[in-house]
Amino acid sequence: MNTFDQVLMMLKTRGAQTAQALAGLLGMTAMGVRRQLELGVDKGLVSYHDSPGKVGRPVRRWQLSDAGHARFPDRHAEVTLDLIDGVRALFGESGLEKLIVAREAASEQAYRAQVDPGGTLDQQVDALAAARSLEGYMAEAEPRVDGSVLLLENHCPICAAAQACQQFCRSELEVFRRVLGPGVSVVRIEHQLEGARRCAYLVSQVG
């Protein structure tokens, strides 16, 4: 991955950042990062906004534009949408629901093979994040001081399908809950379909 793509990846996974913060994350000079960011602006992949700083000097934060987000592909989006429309037309909503249930069962089986039910909550969520990353979700687990864990998904490779059929999102949440077990609470706290930069789930022990 070249330097330019690394900068875009950081903006995708970390959200809006200053050039100085990006430089620290990438081990580069702030000037070198700014050159990459300005190239991104020229290509229409990066935008920025200025906000007041502590001493009155504005702070510039850089972020991906819509075109920049689109650079990270929505996996087989057109084919998926055609399939959804076809299932609806041929079999109705009940047929589409059967398709989602079948996908749900396959996903649950795959995740159970990766998540050790005897592991700690951190280990379980980390394993789930690894499985989701293999599917293109750019997922990571972030332990919190209160013992809960955030499951963060910085990209949605089926976003177009989820917009056309929001049962996909409902289905994924239910799979997470079943895989992690009845002693674990999973709550979606950020949702890309509601305008958030990413999807985020708060995972915690209950009882």
Q) Can you find a residue in the range 179-189 that is charged (D, E, K, R) and at pLDDT 75 or above? A) yes
Q | Of all residues in the range 90-107 being in contact with a helix residue (DSSP H, G or I) (Cβ under 6 Å, 6 or more places away or on another chain) and open to solvent by less than 30 Å² (accessible area, probe 1.4 Å), the one that is modelled with the highest pLDDT | A | SER107
Q: Pairs only if they're at least six apart or on different chains, beta carbon under 7 angstrom, first in the range 192-204 and under 13 Å from LEU128 (Cβ atoms) and of a type outside the set (A, V, I, L, M, F, W, C), second outside any strand (DSSP E or B) and open to solvent by less than 30 Å² (accessible area, probe 1.4 Å); list them, first residue then second.
A: TYR201/PHE176
Q. Can you name the number of the only condition in (1) modelled with pLDDT of 70 or more; (2) assigned to a helix (DSSP H, G or I); (3) under 30 Å from LEU134 (Cβ atoms) that TRP62 fails?
A. (2)
**Q.** Pick from the range 131-155, criterion modelled with pLDDT under 90 and surrounded by fewer than 17 Cβ atoms within 10 Å (Cβ to Cβ), ranking: farthest from ASP66 (Cα to Cα)
**A.** LEU134
Q: Find all pairs meeting these conditions: Cβ atoms under 9 angstrom apart; at least six residues apart or on different chains; first residue within the range 94-110 and in contact (Cβ under 8 Å) with a residue 24 or more places away in the chain; second residue aromatic (Phe, Trp, Tyr).
A: ILE100/PHE168; ARG103/PHE168
Q: List every residue pair whose Cβ atoms sit under 7 Å apart, with the two residues 6 or more apart in sequence or on different chains, where the first one lies in the range 11-34 and is without any contact (Cβ under 8 Å) to a residue 40 or more places away in the chain and the second, anywhere, is surrounded by fewer than 16 Cβ atoms within 10 Å (Cβ to Cβ) and among the β-branched types (Val, Ile, Thr).
A: ALA23/THR29
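The values are calculated or read from the model by the stated rules, or taken from the named source; none is laboratory data. Small disclaimer: the values here were computed from a predicted structure and weren't measured. Cβ atoms come from the backbone with ideal geometry, glycine included; neighbour counts cover every protein chain shown. When the accessible area is computed, the model is the full protein with side chains, heavy atoms only, and any ligands, DNA or RNA have been set aside. Shrake-Rupley method; radii C 1.70, N 1.55, O 1.52, S 1.80 Å.
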